[in-house]
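Data block below; observations after.
What follows draws every value from the coordinates through simple rules; no lab data is involved. Since the model is a prediction, treat every value here as computed from it, not as a measurement. Reconstructed Cβ throughout: ideal geometry from the backbone, glycine too, with neighbour counts over all protein chains shown.
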Amino acid sequence: MCKETLMFTSWTYTYTYIQFIQSQNSACVSEKRHTVYSLGKCATLVTFLLFLFFYGYNVVKHVLLPYLAHGEHNFYQLPLETVNQTLPAVALILLGLVYLPGLVAAVLQLARGTKYKRFPSWLDRWMCRRKELGLMSFLCAGVHAVYSMCLTLRRAAGYRLLNAAYRQVKAGVENSWEEQQVWRSDLYLSCGILGLGVLTLLALTSLPSVGNALNWREFTFMQVSRLQYQNYSHMEPHETACSVISV
């Protein structure tokens with residue numbers, strides 16, 4: 001009888017302990033999900049506001065002003081071309097928001113003369129949101145690449161090509177080759193492809209399952225030191241050249 005009572009008591013304590021551990025794990029998972037949701041919500045809101053700002057700017061510049069000044073009807077550009085012009089600017093600004101807090105933190109540490117003081121609360125929250133901002137930048141860059149590939153599939157692109165060919169034949173121009181435009185377009189496309197490739201690598205290594213498989217030197221090279229600035233050096237010339245060509 002004592003043996004059975006002891007076994008029952010031991011089983012009861014074991015079951016209670018397992019329930020306690022499961023409840024603690026559930027609470028940790030729930031809290032982690034809530035934290036990730038709040039961080040992702042903030043990054044999504046920043047992305048949406050930036051998209052609205054640049055989309056409105058492109059609408060005014062490329063649609064409303066030509067209509068008011070010259071009577072051009074460019075409203076067909078709103079669903080595809082204007083969105084494609086907006087996405088790279090949003091991706092570039094978000095990428096800058098990912099790299100900027102690290103530089104601000106470094107300057108703050110140099111000004112204080114020590115690295116053991118806590119950062120201000122606003123800088124700490126900003127640095128905690130860098131991962132989500134980087135993923136939103138990757139999303140905008142990827143969607144921009146898909147939109148760019150679809151530009152030539154539009155009916156408007158075919159009409160533009162026919163009109164350009166008609167004007168060339170009517171003007172008697174046999175060869176419309178422009179060396180500067182050819183080099184500019186090839187260089188900005190190459191920079192965009194390289195930037196998207198490096199940004200994809202950074203997005204993959206930011207995932208916990210991939211980042212945990214890297215050692216400290218590999219993770220530092222990917223996320224902290226050189227690769228991120230190489231990515232920005234590729235995307236900035238692409239955006240600048242794209243803006244010049246669109247003008």
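The local environment of THR44, defined by Cβ-Cβ distances under 14 Å, has a net charge of +2 under the rule Lys, Arg +1 and Asp, Glu -1.
Evaluating 6.51 cos²θ - 1.76 cosθ + 1.60 at θ = phi - 60° for every residue in segment 150-160, the Karplus couplings come out as 8, 4, 6, 8, 6, 5, 5, 5, x, 5, 4 Hz, glycine and proline recorded as x. The GluC sites (Glu not before Pro) found in segment 123-199 that occupy coil by DSSP, while having at most 11 further C-beta atoms within 10 Å, are GLU174, GLU178. The chymotrypsin sites (Phe, Trp or Tyr not before Pro) of segment 140-206 that DSSP puts in a loop, and whose beta carbon has at most 11 other beta carbons within 10 Å, are TRP177.
Ranked by how many other Cβ atoms sit within 10 Å of their own Cβ, fewest first, the residues VAL210, VAL46, VAL182 fall in the order VAL182, VAL210, VAL46. When you filter the chymotrypsin sites (Phe, Trp or Tyr not before Pro) in segment 43-116 for DSSP loop state and at most 16 other Cβ atoms inside 10 Å of their Cβ, you are left with TYR116.
For segment 118-133 versus segment 86-116, the inter-centroid distance based on Cα atoms is 10 Å.
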